[in-house]
Amino acid sequence: MIETRADPPKTNRFSRNMQNGSVNNHGVSEEIPAEVLSDPALLFLFYRIEQILGIKARAEALKNLNKYMEETCTHTFIENPSAYEALLATREQIYDISKIVTINETYFFREEVHFELLSRMLPEFSKLNRPLKICSAAVSIGCEAYSIAMLIDQRIKNGMSIDYSIDAFDVSNEVIETAKNARYSANTLRNDGSTWKYILDSYITRDESEFFISQDICKKINFFPHNIMRGLEKQYDIIFFRNALIYFTSKNRQIVIDNLVESLSADGYLFLGISETSSVKHPRLLTKFSSDAFYFRKTEIADVKQQPFYMQKDSPAANGEAASKPEKKIKTKSFNKAVAAKHAGILVNLSEVSEIIKNNDGKENAETVIETLNNSKDSVSASCMAAAVIYFLHMQDFVNADNVLLIMEKSNWGDCVKFLRGEYFFFIGNNKEAEKYYTEASVMNKLFWPAFYRIASISADGNQTRYEYKINRTIESIRLLQSTESNNNMHYECFMGGFSPDYFLRILEKNLHNSRGVR
């Protein structure tokens with residue numbers, strides 16, 4: 001019988017101080033259910049979901065996700081951890097499985113007081129010499145976006161001169177498809193929202209137990225899958241992000257709020273869930289109160305010290321000028337040989353990389369790297385760039401990961417760069433190229449156990465003898481590292497989500513035992 005459970009990792013950065021509700025360096029509340037802590041598969045999924053989506057998945061949701069992963073991968077986590085990681089490696093797959101760990105309760109004109117506020121704002125927005133730009137974030141099956149569109153369209157029919165566009169997104173591809181289909185059951189009609197039912201009735205057609213939305217309204221909304229943790233590319237006059245913030249960790253709530261504020265136009269409005277507003281503090285959000293409800297308006301900087309790094313120091317925003325949104329993508333053409341030479345000759349310090357990643361998962365460092373490389377102002381250390389690549393890969397931002405790697409490769413920085421290029425190919429699903437770079441890294445450094453581990457993982461579905469050989473090579477690499485006096489200075493675990501070599505050693509030894517037992 002194959003063992004499907006193992007002791008939880010004891011020495012990684014995720015499992016320290018798990019008592020009394022403390023918070024570790026990863027920024028996640030340590031009050032993790034015992035059933036999650038005792039199961040390495042659930043613990044792995046807990047942190048990967050938190051890392052990718054920013055949310056704290058419930059134990060029951062994690063169990064359902066683990067069941068789905070086992071059925072899809074045809075492996076348990078203990079049998080083949082890399083199969084799990086591969087399934088979580090692309091944005092499209094994350095969109096598909098997110099429905100398992102997210103809650104999608106919604107209905108038309110939910111928290112109806114917000115629609116009263118929107119109605120009062122429309123005359124002012126009608127003075128714009130352009131369409132009103134609205135975003136419905138975490139839209140679920142679309143009721144909120146359609147409610148907004150119905151309200152504005154009704155005002156237009158009553159004589160108001162205003163044009164508008166609505167972008168609506170959710171991390172779950174399945175609920176977005178439901179929203180596009182625009183067919184709903186009676187469950188999406190509640191007492192809360194009944195004030196606006198007269199508007200709803202004029203835009204729906206009933207069909208037995210369901211009803212569908214008028215196509216004229218559907219055409220006004222652009223539905224698409226998106227992860228709010230990746231920020232928004234556009235600027236909006238109004239953003240609705242209601243009753244979703246509570247599912248994020250405290251650290252990621254601030255990231256989400258920062259992303260929303262960045263994407264608000266000057267003097268733009270932000271609506272959060274009624275139960276969420278009291279917990280939000282941001283120096284660029286002015287709290288407003290009207291119609292028995294709180295909401296926010298973007299304002300000038302109140303406290304520069306609390307701003308993201310690109311709003312500090314001598315930036316235009318810090319001097320009271322209009323804040324500009326930082327570049328999200330590297331302008332590759334601006335990176336010439338002179339830029340690469342500026343950063344040449346510096347080795348990656350894995351201790352530094354580990355510390356950078358512990359700080360807000362490396363997000364701020366990654367943004368700093370992008371800004372510096374784009375503007376060619378200062379030099380960037382190899383450690384900062386390596387940490388940035390790790391962050392971008394985990395966020396499935398392959399464009400930025402690739403471009404930072406291109407700069408690093410111009411100076412030929414050895415085993416770490418080889419491994420990171422292998423990671424890039426691994427995460428985009430090109431195992432052949434990935435193995436090539438992992439092999440080069442392992443040849444350069446016999447202690448580089450993550451490279452050996454990845455090679456073993458890629459070999460899992462191949463020749464059994466080759467698979468066992470690769471596992472043994474990985475085990476040898478880990479044991480060689482552990483026998484080396486300076487191993488405390490070699491933080492290779494920074495490449496593997498912070499999980500210690502001891503943790504992977506237990507998994508590999510169990511894999512080897514099971515492989516020989518079922519032959």
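Ordered by 1.4 Å accessible area with all protein chains kept, 95, 469 run largest first as 469, 95. Note on residue 479 and residue 183: the model spin-label points, each 7 Å out from Cα along the C-beta direction, lie 6.1 nm apart. Of the GluC sites (Glu not before Pro) found in segment 62-133, those that fall in a DSSP loop while having at most 16 other beta-carbon atoms within 10 Å are 105.
Rounded to whole Å, the principal axis extents of the Cα atoms in segment 176-244 read 40, 23, 20, largest first. Size of segment 392-441: Rg and Dmax of its alpha carbons, in Å, are 10.0, 26. Taking the inverse of the mean reciprocal distance over all distinct Cα pairs, the Kirkwood hydrodynamic radius of segment 43-194 comes to 17.8 Å.
The accessible area of residue 466, taken with all protein chains in place and a 1.4 Å probe, comes to roughly 100 Å².
Ellipsoid fit via the Cα gyration tensor, segment 170-212: semi-axes of 20, 13, 9 Å, each the root of five times an eigenvalue, largest first. The stretch between residue 281 and residue 469, if pulled fully straight at 0.36 nm per residue, gains 62.2 nm over its current Cα-Cα span. Between residue 446 and residue 90, the FRET efficiency from the beta-carbon distance, with R0 = 45 Å, is close to 0.90.
The length gained on full extension between residue 58 and residue 207, counted as 0.36 nm times the residue separation minus their Cα-Cα distance, comes to 50.0 nm. Here the 3J(HN,Hα) profile of segment 136-143, calculated from phi with Karplus coefficients 6.51, -1.76 and 1.60 at θ = phi - 60°, is 10, 8, 6, 7, 6, 7, x, 4 Hz, Gly and Pro shown as x.
Full extension of the segment from residue 288 to residue 126, taken as 0.36 nm per residue of separation minus the current Cα-Cα distance, would add 56.2 nm.
The values are calculated or read from the model by the stated rules, or taken from the named source; none is laboratory data. For clarity, every value in this text was computed on a predicted model and none was experimentally measured. When we count neighbours, we look across all protein chains shown, and the Cβ atoms used for this are built from the backbone with ideal geometry, even at glycine. Heavy atoms of the whole protein, side chains included, go into the accessibility calculation; ligands, DNA and RNA do not. Shrake-Rupley method; radii C 1.70, N 1.55, O 1.52, S 1.80 Å.
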